[in-house]
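Working notes, beginning with the structure itself.
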Amino acid sequence: MTTGEKIKARRLELNMTAEDLGNKVGLTKSAIGRFETGKIEKMDYRIFLKIAIALDVKPSELVSEEDIRLITGGDESDKIFELFDSMDDVLRERMKDATPRQIERIQAYAQGVLESSKE
């Protein structure tokens, strides 16, 4: 399955419309549809993480090996995926209620932690 197919399957499993998912992550339903059908070939890792959180899955559960190159964000995206994958269930549950702005702030914090660990 492609990443888009996995996103759609999980969304449908949760009885969520494309519009519902779009509202949770700050995108239109048509943008969600284009991700799901592969019409948008590259996805920023920040959007991808928001989708994973909204669908209550680890990012690694959504991305296919073939599509990992389509998640853009440079070398740091793999480290951020690992960070989000390693979150405990309590934190992941709380993230579901986070606003898009709060998620952006958390991602910025995670990026800062990763950058400071290089020193």
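Rule-based calculations on the coordinates, nothing more; no lab input. Remember, predicted model here, so these are calculated numbers, not experimental data. Because the Cβ atoms are built from the backbone with ideal geometry, glycine has one as well, and the counts that use them run over all protein chains shown.
Placing a pseudo-label 7 Å from each Cα along the Cα-to-Cβ vector at Ser60 and Glu5 gives an inter-label distance of 2.2 nm. The Cα-based radius of gyration and maximum Cα-Cα distance (Dmax) for segment 1-55 are 9.7, 26 Å.
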